[in-house]
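Encoded as structure tokens, the structure appears first; notes follow it.
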Amino acid sequence: MVKHQPLQVYERQLCLSCITGIYGCRWKRYQRSHDDTTKWELLWSFILLFTFCLLLVWFYFWWEAHNDYNEFNWFLYNRSGEWSDGTVPILATTAAGFTYVAFLMVLALCHVALGQQLNLHWLHKIGVTAALLTTTAGVISVNQTWGQEWDVVPISLQATGPFLHVGALAAVTALSWIVAGQVARSEKTMFQVVVVLLYLSLLLGLYMVPLCITSPCIMDPSTLKQRPDVIGHRGAPMIAPENTMWSFQRALQMNVTGFEADVSISVDGVPFLMHDHNLRRTTDVDKVFPDRRMEDASSFNWTDLQQLNAGRWFLKEDPFWMVRTLSPREKDLIANQSVCSLEQLLKLASYHNSTVVFRLRRPPPEHPCYHSWINDTLHAVQQSGVPQGLVMWTPDDHRAQVRQWAPGLIQTSAEKRSPQSLQQHGISRLLLRYNQASTQEIRYTHTHSNITLTLYTINEPWLYSVLWCSGVSSVSSEASHILNKVPNPIWLMRPDEYCLMWVSMDLISFAVVIGIFIFQKYNPEQNMVSAAVTRSSRDLNVMKEKLIFSEVGNGVGGADELYGDNGYDYYANHGIGP
């Protein structure tokens, strides 16, 4: 009979069991291993890391793209013909995938910190592969259909860059505990050198990142320009149906200084407000004129357009999830909105001394007003009685002729041109999408020319703040009720304050890293663990098998009972003998 000293009973390690069990389905003690991770599992660790980084960028992109969700949904509507909030499934799957992969990353780091062998379970490998493939497909799809939206990433970094840098520096500094532990446990000099060099390179790179961070909000507060004017894009479409009189009235309640609208021309020459090419999305044309629901909006006469309801769709579709916040009176007003003419909008603007900028869509060639569309629009402007100085004229067609007939109109271009070219053509205002003008161009236009710049569509306070610090004169917004609550930029920081914060964070991080490496190097407990781990795996496995068979021969339960129920930690027990 083989005799041995009594087994030492250890306390159950529930935390370690959960970590190795969830990550690799290794719930029992004898299933764990301090052996080196195999090359195959190392490959999966790199795949997991890459998937995490890709999902992190993807998640950040969609978080910051919130400013343009309505634009994205409109792109989907043009493709499918049905209105729906396509961002909901994307955000749900992105959040779920990121949470899942981030959880696996935390478990992997815990394995490394505890000296456990990485062994990702095959179910998790399938999950990580699915997350990687779906995210890659999403990136390719967005790049093909909505490629201009990638510009939101460098713009958003102007608002979040300093804070992301602090977070990244804190995370990499905390990672030094794991790196130092790996270096202390390893007896391979080459491995230690490579790990330390890689980590220090990453750390030094983070220390230097602020040299590349440029934000207009890092400035002297005394040089901050006045608050940019807010123009209601299609009125206030988040809280009222777009391009309706109630939408523009709601925008006025939010202290907008002007309106922006899209204008089409009816068969009988009446300019009216409509963004889409047809009437399906924003009216009840399916019910009133079911046979004409796919026709161009400009193919209707004004009498037919007046029969359509332009508000009930908003209550039904709830495109911005705001209907529940409306009062019964507001719902009644919305339900009775009709298609708005340009003349009605201009009269409202004249009464409140608000500016109006509109995009005029030329009707199809077979349209009766194909050649007279400019004259018909100018006639509507004159009929409204609005002062010409309140109207921003954007069409480039016949601009010289328009200037002769209505010299008081504010000549505005919706195409990016140099200030010299704009001045040569008598254009005093520029209307661009926010990604078409850099901070340097905004400041140059503001200080070195007489061109007034308006950027669209600005819905998020962070973007409004960045443009405010850049010195933009005005913005066009669908969320005037949100921007109305932004009395100051979200954050401002003097350059010397930012430099002090940057240097202080670097010094604190460096001191913490040095302290952790010294502690790990001279930690007696760590040295004992390192000595135990460096035993050859072959000898450990042979001793383990002898112990299991000897206990089975003496009537003791199987390995699961021996190592699980008795809480026996083989690697920490050195009192076993024949």
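Numbers for the structure displayed
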quantity: Dipole of the chain [Lys/Arg +1, Asp/Glu -1 at C-beta], most positive-end residue of V256, F61, S480; calculated: F61
quantity: Carbon and sulfur %, accessible surface of region 5-137 computed with the full protein complex present, 1.4 Å; calculated: 72 percent
quantity: Region 341-425: GluC sites (Glu not before Pro) in DSSP coil with no more than 16 other Cβ atoms inside 10 Å; calculated: E366, E415
quantity: 5 angstrom amide H check on H233, placed H, neighbours 5+ away; calculated: E260, S477, E478
quantity: Out-of-range pairs (alpha-carbon distance over 31 Å; input K125/K521; K347/K485; K331/K485); calculated: K125/K521
quantity: q = 0.17 Å⁻¹: log10 I(q)/I(0) that the Debye formula gives for region 349-431, counting C-alpha atoms only; calculated: -0.72
quantity: Ranked order, H371, H275 - accessible area, probe 1.4 Å, largest first; calculated: H371, H275
quantity: With at most 11 neighbouring Cβ atoms within 10 Å, loop chymotrypsin sites (Phe, Trp or Tyr not before Pro) (DSSP) excluded, longest segment of the chain; calculated: 1-320
quantity: In Hz, Karplus ³J(HN,Hα) per residue of region 328-342 (6.51, -1.76, 1.60; θ = phi - 60°; x = Gly, Pro); calculated: x, 5, 5, 5, 5, 5, 5, 5, 10, 7, 10, 5, 9, 8, 5
quantity: Signed unit charges on C-beta, dipole axis of the chain, positive-most listed residue L348, A168, A92; calculated: A168
quantity: Added length on full extension, which subtracts the Cα-Cα distance from 0.36 nm per residue, R443 to F519; calculated: 22.2 nm
quantity: Charge dipole (debye, nearest 20) of region 77-227; +1 at Cβ of Lys and Arg, -1 at Cβ of Asp and Glu; calculated: 260 debye
quantity: HN-Hα J in Hz across region 304-319 - Karplus 6.51, -1.76, 1.60, θ = phi - 60°, x for Gly and Pro; calculated: 5, 4, 5, 7, 8, 9, 10, x, 5, 4, 5, 5, 7, 7, 6, x
quantity: Other-chain or far-sequence residues with amide H under 5 Å of N309's (modelled H); calculated: D284
quantity: Cα-based Rg and Dmax for region 231-342, where Dmax is the largest Cα-Cα distance (Å); calculated: 13.5, 41
quantity: Solvent-accessible area per residue, Å², over the chain with all protein chains present [probe radius 1.4 Å]; calculated: 49 Å²
quantity: ³J(HN,Hα), Karplus 6.51/-1.76/1.60, whole Hz, each residue of region 367-377, x for Gly, Pro; calculated: 6, x, 9, 4, 9, 9, 4, 5, 5, 4, 6
quantity: Options Q382, V179, V209, ranked by Cα towards positive dipole end of the chain, top entry (Cβ charges); calculated: V179
quantity: Sequence-distant residues sharing a close amide H with S413 (under 5 Å, placed H); calculated: R429, L430, L431
quantity: Magnitude of the charge dipole, the chain, Cβ model with Lys/Arg +1 and Asp/Glu -1, debye to 20; calculated: 760 debye
quantity: Reported label for calculated semi-axes √(5λ) of the Cα gyration tensor in Å given (1) 36, 31, 26; (2) 53, 24, 19; (3) 66, 29, 18; calculated: (3)
quantity: Helical contribution to [θ] at 222 nm, DSSP H n ≥ 4, -39,500 (n - 2.57), averaged over the chain, rounded to 500; calculated: -16500 deg cm²/dmol
quantity: Size of charge dipole - region 310-370 - debye, nearest 20, with Cβ of Lys, Arg +1 and Asp, Glu -1, no other charges; calculated: 60 debye
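The values are calculated or read from the model by the stated rules, or taken from the named source; none is laboratory data. Quick caveat, the model's predicted, so the values are computed rather than measured. FYI the Cβ positions are ideal-geometry reconstructions off the backbone, even for glycines, and counts take in every protein chain you see. Surface areas here come from the heavy atoms of the whole protein model, side chains and all, with no ligands, DNA or RNA. Shrake-Rupley method; radii C 1.70, N 1.55, O 1.52, S 1.80 Å.
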